[in-house]
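The values are calculated or read from the model by the stated rules, or taken from the named source; none is laboratory data. It should be emphasised that the depicted structure is a prediction, and the values quoted were computed from it without experimental measurement. Cβ coordinates were reconstructed from backbone atoms using ideal geometry, including for glycine residues, and neighbour counts include every protein chain displayed.
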Amino acid sequence: MITLTDNVEDSDIQQFADNFFANPHVLKLGYGVDSDFRNLVSSCPLYEHAVTHLARFVDLCPLSKQILNIPSVRQKLGSRMRSISARERACIEEERGLSELVFLSLGLPLDKTYQISDWERRPLSEEQLIYAALDAYCLLEVYDVLKQWVVESRLRINMEPAVILSWLQPKKEKPRRNRKKEPRPGTRSNDLLPPARKREPIPPQSLRVVVDTMLQGLGQHLRCCGVDVVILDNSAADHARAVEIARTENRIILTTGLPYEQLRSKVPEGMCVCIPCGKTIRQQVSALIKYFNLQITAQDIFSRCQVCNGDDFVRVQQDHMRLAMGIFHGRFQAPLPGYEPKGCPVNLVDLTLPGGVPLKLGPLPEEVVEKNSADVFFCCSNCGKVFWEGGHHKRIATQFNYILGSS
Ligand SMILES: [Zn+2]
């Protein structure tokens, strides 16, 4: 986008956007596009006309919810869910969102491993390109399946409902008193965080925050730096929930734009911080590091599970992980009682960690386990997600170098 706006005439970009988004001859599919469109328009306002004149654009998120609720579809999916192992079911229920929909309609979950890789770096890696292409392509196949289910159900469901963009809905005007007009926090181009008073340096583990879904990417990034982050899973009605968590768990709310105005009066001074919008995640993280005077060391990177915020990992050696994968994929049988390999923390009968959490082996690529690309695997003892220090891990780790330099 940055290169585009530098090299292409504004009118050409606008024309392209109109020809694409507002083209009634071509059906476009997306999933959960509300915030995507908001980000697109805020980073390039030239798209605003096209985005406010969408034609034949379908958001599969609300549409699929409607279709998955059809009784005959629910019945079909119920038996599909029963046909898989408890392990796989736990994996799918944990992933949610598009990955869950892809599993329900196509029978395989979507691998989200690259979701949090560095998308600002160029050129993108081959894995990133494949991830991005799959993330889009799967919608075509999902849509076909959803259409088929609707046909089979003999119900009349509009397969091309208009997209409702929450941030474009007119807001109810309140009678204005003579208030001083101040720009909304987080909306000025240079609006970084409010000036911090001099704070004592703190390690990232002692910063406890809560963010809503709109700031999910920031939340995951902060977790990777060791910050204790609760991410709310529902953006619409959950400001009250953020306030409740802030109060009961003594967490600072990170939010942006309008919600900041609504939330800051509900929590004590300083317990609600406005994140500037229209900034990259790196810029937001850098600003937060400065604001809270966080001292992040190399040991903090990946000290917390980016999926569930857990900070306890079980180390599993490669040969034990290979065995677990073989059992998971049905190539080996679990060892008989008394014949378990020494020092293997995984229960190989039901593939769980000590404490009973199922290992998430489904998303783990076989070649990582087979090709000696990692000696040891770190398994989150809270959610079972498996991390490893392979090439991918190192590449992702280097994207946090900017943090180590700044604190
Ligand atoms: Zn976890």
Looking only at region 295-326, count how many residues are closer than 20 Å to PRO354 by Cβ, away from the ligand (no atom under 16 Å from the Cβ) and not in a helix (DSSP H, G or I).
1
Report yes if ARG80 is under 30 Å from LEU351 (Cα atoms), among the charged types (D, E, K, R) and assigned to a helix (DSSP H, G or I), otherwise no.
yes
Can you name every residue in region 330-347 that is in a loop (DSSP other than H, G, I, E, B) and either under 19 Å from GLY362 (Cα atoms) or in contact with an Asp or Glu (Cβ under 6 Å, 6 or more places away or on another chain) (or both)?
GLY330, ARG331, PHE332, GLN333, ALA334, PRO345, VAL346
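Yes or no, residue by residue, for (1) modelled with pLDDT under 85; (2) within 16 Å of the ligand (Cβ to nearest atom); (3) more than 20 Å from the chain's Cα centre (by Cα):
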site	(1), (2), (3)
PHE332	no, no, yes
PRO335	no, no, yes
PRO354	no, yes, yes
LEU361	no, yes, no
CYS379	no, yes, no
Name the pairs: first residue in region 373-387 and within 15 Å of PRO345 (Cβ to Cβ), second residue among the β-branched types (Val, Ile, Thr) and within 13 Å of the ligand (Cβ to nearest atom), Cβ to Cβ under 6 Å, at least 6 apart or on different chains?
PHE377/VAL386; CYS379/VAL314; CYS379/VAL386; SER381/VAL314; GLY384/VAL357
Are any residues in region 192-237 surrounded by fewer than 17 Cβ atoms within 10 Å (Cβ to Cβ), of a type in the set (Asp, Glu) and either at pLDDT below 70 or within 12 Å of the chain's Cα centre (by Cα) (or both), and if so, which ones?
ASP233
Matching entry among ILE281, ILE245 (being in contact with a helix residue (DSSP H, G or I) (Cβ under 6 Å, 6 or more places away or on another chain) and either more than 16 Å from VAL211 (Cα to Cα) or surrounded by 14 or more Cβ atoms within 10 Å (Cβ to Cβ) (or both))
ILE281
Is at least one residue of region 89-111 assigned to a loop (DSSP other than H, G, I, E, B), at pLDDT below 85 and over 30 Å from LEU348 (Cα atoms)?
no
Residue in region 38-79 that is nearest to the chain's Cα centre (by Cα), counting only those that are of a type outside the set (S, T, N, Q) and surrounded by fewer than 13 Cβ atoms within 10 Å (Cβ to Cβ):
LYS65
Is there a residue in region 288-299 that is within 19 Å of ASP375 (Cα to Cα), of a type outside the set (Val, Ile, Thr) and out of contact with any strand residue (DSSP E or B) (no Cβ under 6 Å at 6 or more places or on another chain)?
yes
So for region 245-262 (the condition being of a type in the set (Asp, Glu) and either under 23 Å from PRO45 (Cβ atoms) or within 16 Å of the ligand (Cβ to nearest atom) (or both)), does at least one residue qualify?
yes
Filtered residues of region 256-292 (kept if touching a residue at least 12 places away in the same chain (Cβ under 8 Å), more than 21 Å from the chain's Cα centre (by Cα) and part of a loop (DSSP other than H, G, I, E, B)):
LYS266, VAL267, GLY270, MET271
Residue pairs, Cβ under 9 Å, 6 or more apart or interchain, first in region 9-25 and outside any loop (DSSP other than H, G, I, E, B) and β-branched (Val, Ile, Thr), second modelled with pLDDT of 90 or more and surrounded by 13 or more Cβ atoms within 10 Å (Cβ to Cβ). List them.
none
Check whether at least one residue in region 233-240 is under 30 Å from LYS342 (Cα atoms), small (Gly, Ala, Ser) and either part of a helix (DSSP H, G or I) or within 16 Å of the ligand (Cβ to nearest atom) (or both), and report yes or no.
no
